[in-house]
Amino acid sequence: AQSVAQPEDQVNVAEGNPLTVKCTYSVSGNPYLFWYVQYPNRGLQFLLKYITGDNLVKGSYGFEAEFNKSQTSFHLKKPSALVSDSALYFCAVRGSYKLSFGAGTTVTVRA
Amino acid sequence: DAGVIQSPRHEVTEMGQEVTLRCKPISGHDYLFWYRQTMMRGLELLIYFNNNVPIDDSGMPEDRFSAKMPNASFSTLKIQPSEPRDSAVYFCASSETLNTGELFFGEGSRLTVL
């Protein structure tokens with residue numbers, strides 16, 4: 001079986017501060033890992049993915065994520081958060097089975 | 001490309017009525033997915049198609065739900081009869097590949113069954 005855990009329902013940060021959204025996964029075989037963002041009343045938008053290669057992946061809007069195989073983690077990071085980054089963030093993993101999404105983390109960036 | 005297009009954006013209906021949700025995937029994408037999003041259950045995969053053929057429908061909750069893809073540019077998700085517990089946002093997504101390709105989501109269809 002495969003699963004994704006996003007341990008924090010909510011993350012609150014001040015604008016300009018670093019933002020981290022945590023994700024851990026469980027999967028058999030090599031994991032394919034994804035981050036998506038959802039703004040209110042919109043569909044999910046792809047941010048970045050890890051398939052193979054460099055453990056640090058850079059994506060859209062200044063976001064990056066680091067794949068850590070030993071800790072089975074794929075945390076999303078942004079060095080300096082913006083108010084416009086406030087949204088719902090989903091981590092997803094695909095192993096040998098279908099794509100599994102985490103429950104989501106609501107990020108609020110205060111001005 | 002205009003992206004994945006879904007209709008209607010909002011649907012309010014009464015219990016027992018038939019509901020049909022529509023989706024136009026991105027041209028050239030071989031995979032089409034139907035997801036349901038609720039507060040209680042999060043994102044659930046209902047069914048996905050490859051080259052218009054249903055591959056995995058194990059997520060379809062019950063026989064009241066059916067999905068078709070008559071051609072590469074159109075898919076429908078039908079609920080008949082609808083029940084209040086079907087109230088949710090239904091998303092259609094498409095991708096070029098299955099394992100490594102990212103999903104492109106539509107804006108969703110918000111269904112309310114009274």
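Coordinate-derived values only; no laboratory data. Not measured: the values here are computed from a predicted model. Because the Cβ atoms are built from the backbone with ideal geometry, glycine has one as well, and the counts that use them run over all protein chains shown.
For the residue pair B:SER66 and A:ILE51, what label-to-label distance in nm results when each label sits 7 Å from Cα along the Cα-to-beta-carbon direction?
Result for the modelled spin labels: 3.7 nm.
What does the convex hull of the Cα atoms of the protein assembly as shown come to per residue, in Å³, rounded to a whole number? Mind showing how you got there, number by number?
Values: hull volume 28.3 nm³, N = 225.
Hull volume over Cα atoms, normalised by residue count, gives 126 Å³.
Looking at the protein assembly as shown, how many pairs of lysines come closer than 14 Å at the Cα, when each pair is eight or more places apart or spans two chains? Mind showing how you got there, number by number?
Values: A:LYS22/A:LYS77; A:LYS22/A:LYS78; A:LYS49/A:LYS58; A:LYS49/A:LYS77; A:LYS58/A:LYS77; A:LYS58/A:LYS78; B:LYS24/B:LYS68; B:LYS68/B:LYS78.
Close lysine pairs under the 14 Å cut-off: 8.
Using a basic spin-label model with each label point 7 Å from the Cα along Cα→Cβ, how many nm lie between A:LEU82 and B:SER58?
4.1
Could you please rank A:PHE74, A:PHE67, placing first whichever residue has the fewest other Cβ atoms within 10 Å of its Cβ? Intermediate results must be reported in sequence, preceding the final value.
On the way: A:PHE74 28, A:PHE67 20.
Ranking A:PHE74, A:PHE67 by Cβ neighbours within 10 Å, fewest first, gives A:PHE67, A:PHE74.
Give the order of B:VAL53, A:VAL11, A:VAL4 when sorted by the count of other beta carbons within 10 angstrom, beginning with the fewest. Could you put the intermediate results ahead of the total?
Numbers: B:VAL53 7, A:VAL11 18, A:VAL4 22.
If I rank by nearby Cβ atoms, fewest first, I get B:VAL53, A:VAL11, A:VAL4.
At 7 Å along the Cα-to-beta-carbon direction for both B:THR97 and A:LYS98, put a label point, then send me their distance in nm to one decimal.
Inter-label distance under the simple model: 2.1 nm.
Fewest first, what order do B:SER27, B:SER87, A:SER70, B:SER95 take by the number of other Cβ atoms within 10 Å? Kindly include the intermediate steps, with their values, before the conclusion.
Details: B:SER27 10, B:SER87 16, A:SER70 5, B:SER95 21.
Least to most surrounded, the residues fall as A:SER70, B:SER27, B:SER87, B:SER95.
For chain B, list log₁₀ I(q)/I(0) at each q in 0.21 Å⁻¹, using the Debye formula over Cα point scatterers of equal strength and ignoring solvent, two decimals each.
So the normalised log intensities work out to -1.14.
How big is the gap, in Å, between the Cα center of region B:1-58 and the Cα center of region A:36-111?
Taking the Cα centre of region A:36-111 as reference, the centre of region B:1-58 is 23 Å away.
Translational D (Stokes-Einstein, µm²/s) of chain A at 10 °C and 1.306 mPa s when Rh comes from the Kirkwood sum over C-alpha pairs?
On the way: Rh = 13.9 Å.
Approximately 114 µm²/s, per Stokes-Einstein.
With Kirkwood's inverse mean 1/r over C-alpha pairs for Rh, give me the Rg to Rh ratio of region A:19-66, two decimals please. Walk me through the numbers on the way to the answer.
Numbers: Rg = 11.9 Å, Rh = 12.1 Å.
Expressed as Rg/Rh, it is 0.98.
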